[in-house]
Amino acid sequence: MFLKRVFPLATALAVFSTPLMATEAIEETMAGVIPDAEIDSIRETPMEGVYEVRYGTEILYVSEDGRYLMQGNMVDLETRENLTQSALSDVRADMFAAIDDSELVIYAPDGETRGVLNIFTDPNCPYCREVHQDLPEYLAAGIKVRYLMFPVLGRDSPEIMDRIWCADDRQEAMDRAKEGDKLDDIDGSCSTPQDQHMAMGQQLGLRGTPALITEGGQQMSGYQEPEAVIERILGSN
């Protein structure tokens, strides 16, 4: 987290009356506070005089004059909406929408695709194998499942993951790996997106697998009952 470092915020120079002036003040202040990071977005919040400042999946709140900084969840007590988590869901949704299916292992329903579920998985993860056994339920509900690599639970997990992605039939290789097959017959020396997937998982704060992210950006850790996940996905469409 950015606030693990101790720093003084710059003193406000003036009272800012326009979003452009506030944005410039915040950019100037944050450039001195976190010089090695680039701001992804600055936008107004429903709280007057407070702006949302986003660095990747890190959200901070800064006063319009650039003097005060707050970290944590902003909640609308009238609607009970967690505005911070809503913003993060939007960020996650955009991140996954930018990944082409060709970079993943895809299980698509035979009929209409009604929703999408992204899953970070590991071949040596017992709960990941349980999620894989639930695939027929997801597919029957019209949910397309997109697998990403996050091999952290076994010394041979990275090798097995590369073999899956290098296989002529990734689905078959994934099915075999979920049954404990090490896929020693497959050459895993091709170029794979493992580093990119690992970096993305770390950016999302993953500590293990499985990690499920809906098309709308809702993130769930650990095994989840498919009925609840399907309801989340279809209920948000």
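Taking the chain as a Gaussian network of alpha-carbon nodes connected by springs under 10 Å, the highest mean-square fluctuation of the residues Ala97, Ala141, Ala211 belongs to Ala97. Dividing the summed -39500 (n - 2.57) terms of all DSSP H runs of n ≥ 4 by the residue count of the chain sets its mean residue ellipticity at 222 nm at -10500 deg cm²/dmol. Restricting the calculation to Cα atoms, every distinct pair contributes to the Kirkwood radius of segment 28-149, found to be 17.4 Å. A cut-off of 5 Å between modelled amide H atoms, ignoring neighbours fewer than 5 places along the same chain, links Val75 with Leu83.
Each residue of segment 83-95 was assigned a 3J(HN,Hα) from its phi angle through the Karplus curve 6.51 cos²θ - 1.76 cosθ + 1.60 (θ = phi - 60°); the sequence is 5, 5, 5, 5, 5, 5, 4, 4, 5, 5, 4, 5, 4 Hz, with glycine and proline shown as x. Beyond 32 Å, the tail of the calculated P(r) for the chain holds 33 percent of the Cα pairs.
Multiplying the residue separation of Glu44 and Met70 by 0.36 nm and removing their Cα-Cα distance gives an extension gain of 7.9 nm. Here the Gaussian network model covers the chain, with springs between Cα atoms less than 10 Å apart; of Val33, Val53, Val145, Val33 fluctuates the most. Taking the DSSP beta bridges with both ends in the chain, the antiparallel portion is around 75 percent. The packing ranking of peptides 163-174, 103-114, highest mean first, is 163-174, 103-114, where packing means the average number of other beta carbon atoms within 10 angstrom of each residue.
Rounded to the nearest 10 degrees, the inclination of helix 157-166 to the longest alpha-carbon principal axis of the chain is 70 degrees.
Since every read-out is calculated from the coordinates, none of them should be taken as a lab result. Bear in mind the structure is a predicted one, so any value in this text is a computation, not a measurement. Glycine gets a Cβ as well: all are built from the backbone with ideal geometry, and neighbour counts include every protein chain shown.
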